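The values are calculated or read from the model by the stated rules, or taken from the named source; none is laboratory data. Quick caveat, the model's predicted, so the values are computed rather than measured. Neighbour counts are summed over all protein chains in view; Cβ atoms, including those assigned to glycine, are modelled from backbone coordinates with ideal geometry.
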Amino acid sequence: MKKYFFILLAVFFTFQAQAQSYNLLIGTYTNKGNSEGIYVYNYNSLTAETNLKSITKNVVNPSYLAVSSNKKFVYSVNEDGKNSAVSAFSFNSQSGDLSFLNKKSSEGADPCFISVDDRNVILANYSGGSISIFGRNADGSLTDAKQIIQHTGKSIDEKRQASAHVHQVQFTPDHKYLICNDLGEDLIYIYNYNSASPDKILTIKTVIKTNAGTGPRHLTFSPNGKFAYLAHEFNGSITSFSYANGNMKKIQEIATAPKDFTGKIDGADIHVSPDGKFLYETNRGDANTISVFSILPSGILKFVERVSTLGKGPRNFAIDPSGNHVLVAHQYTNNVVIFDRNKITGTLKDSGKRISVGVPVCLIFSK
């Protein structure tokens, strides 16, 4: 009997260890510092301890990444002006190794965001002001572009909004639509998503105007799919929306910087905690802060706190799958700062843990 008890105990602790262990993939700029490519770390969600598993070298500016739902493939943008591309890799989740499959032109300059599902890989081409859609072959490799959608508008900032700048493409929670934020046009596009179509995967449904001169950048959905939150780059404000059946209705505008702040804000990233109770948003520029809001049942945000990210240029951040920690990637101080997260209050505290990595831009968790 004692023997079986110890066997069960060993199985339990093995399961616990596996449940707490994730792959943390970090996308970087390879032409702006000492980065060597795509980094994969083993991450323990209980302790926030990390160990380097692999580095995929000779990849040009893999600034944004996406992992397939079956965890077997990784897709990366190659943000390189007119020479920009998108790359496909097979992924060994045990070793963390990435094996190059193929690469295609991004069909638009400077892709800065990538989304993937079982059929397609979709890019947001920032400088090109376009969306490009690629199919996925059975082996995970990319087909030629199946559809390219060019935005042609502009907005009131003559320097930063002289043309369209597509900044994000992401699926709605029901996966029936694709949301596209265009920073250059101050517009949100909602596209119908027809995944099996050979050449009309996206067709326009609705276009939403945002406040002129604010630069819509990143949008995130609540876990229940009822609300969406949009971070604006130019002033760091957040627009809250209710969401249902491909329709978004504005319910709130809220600032993330103090009223007396006079420096550059440069809003960056935005995410909701796994329990749906708190929202977090980062500002770069002269601010270098992360703001915390509680989410009321109505979807309305209530300010909780604003803390320093303890680095410069918090380009991207991620809440770990357990909700225990928040990891902030600093583009200009070449590190990832790890915060402990209080699940009751939503507040953050420096864990003292850091990941030293060159020019981190994107953090992705995967099993």
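Can residue 132 be described as among the hydroxyl-bearing types (Ser, Thr, Tyr), buried (at least 23 other Cβ atoms within 10 Å of the Cβ) and part of a strand (DSSP E or B)?
yes
Out of region 258-299, which residues are touching a strand residue (DSSP E or B) at 6+ places or on another chain (Cβ under 7 Å), crowded, with 21+ Cβ neighbours inside 10 Å, in a loop (DSSP other than H, G, I, E, B) and aliphatic (A, V, I, L, M)?
265
Sort out which residues of region 40-64 are in a strand (DSSP E or B) and crowded, with 24+ Cβ neighbours inside 10 Å, and write them in order of number.
40, 43
For region 161-175, how many residues meet the condition of being over 14 Å from the mean Cα position of the chain (by Cα) and either over 17 Å from residue 222 (Cβ atoms) or free of Cβ contacts under 8 Å to residues at least 24 places away in the same chain (or both)?
Summing the residues that are over 14 Å from the mean Cα position of the chain (by Cα) and either over 17 Å from residue 222 (Cβ atoms) or free of Cβ contacts under 8 Å to residues at least 24 places away in the same chain (or both) in region 161-175 gives 6.
Would you be able to tell me the number of residues in region 304-348 that are among the small types (Gly, Ala, Ser) and farther than 18 Å from residue 21 by Cα?
5
Out of all the residues in region 24-36, is one or more part of a strand (DSSP E or B), over 19 Å from the mean Cα position of the chain (by Cα), surrounded by fewer than 18 Cβ atoms within 10 Å (Cβ to Cβ) and modelled with pLDDT of 95 or more?
Looking for residues that are part of a strand (DSSP E or B), over 19 Å from the mean Cα position of the chain (by Cα), surrounded by fewer than 18 Cβ atoms within 10 Å (Cβ to Cβ) and modelled with pLDDT of 95 or more, one finds none in region 24-36, hence no.
Check region 261-275 and report whether any residue there is at negative phi, touching a residue at least 24 places away in the same chain (Cβ under 8 Å) and polar (S, T, N, Q).
yes
Inspect region 66-87 for any residue being surrounded by 16 or more Cβ atoms within 10 Å (Cβ to Cβ), at pLDDT 95 or above and closer than 20 Å to residue 326 by Cα and give the result as yes or no.
The answer is yes; a qualifying residue exists.
Give region 232-251 a look and list any residue that's of a type outside the set (Gly, Ala, Ser), surrounded by 16 or more Cβ atoms within 10 Å (Cβ to Cβ) and either modelled with pLDDT under 95 or in contact with a strand residue (DSSP E or B) (Cβ under 6 Å, 6 or more places away or on another chain) (or both), or say none.
Across region 232-251, the qualifying residues are 232, 233, 238, 239, 241, 243, 248.
Those residues that are in a loop (DSSP other than H, G, I, E, B) and buried (at least 19 other Cβ atoms within 10 Å of the Cβ), I need them from region 334-366; list them, please.
Result: 334, 346, 357, 359.
Filter region 42-82 down to the residues that are closer than 13 Å to residue 99 by Cβ and of a type in the set (D, E, K, R), then identify the one that is farthest from the chain's Cα centre (by Cα).
57
In this structure, does residue 91 turn out to be closer than 18 Å to residue 26 by Cα, surrounded by fewer than 22 Cβ atoms within 10 Å (Cβ to Cβ) and among the aromatic types (Phe, Trp, Tyr)?
The answer is no for residue 91.
All but one of (1) in contact (Cβ under 8 Å) with a residue 40 or more places away in the chain; (2) more than 26 Å from residue 268 (Cα to Cα); (3) crowded, with 17+ Cβ neighbours inside 10 Å hold for residue 144; which doesn't?
In the conditions (1) in contact (Cβ under 8 Å) with a residue 40 or more places away in the chain; (2) more than 26 Å from residue 268 (Cα to Cα); (3) crowded, with 17+ Cβ neighbours inside 10 Å, residue 144 misses (3) alone.
Show the residue pairs that are 6+ apart or on different chains and have beta-carbon atoms under 7 Å apart, the first residue being within region 324-336 and among the aromatic types (Phe, Trp, Tyr), the second being assigned to a loop (DSSP other than H, G, I, E, B).
Hits for this filter: 332/312; 332/313.
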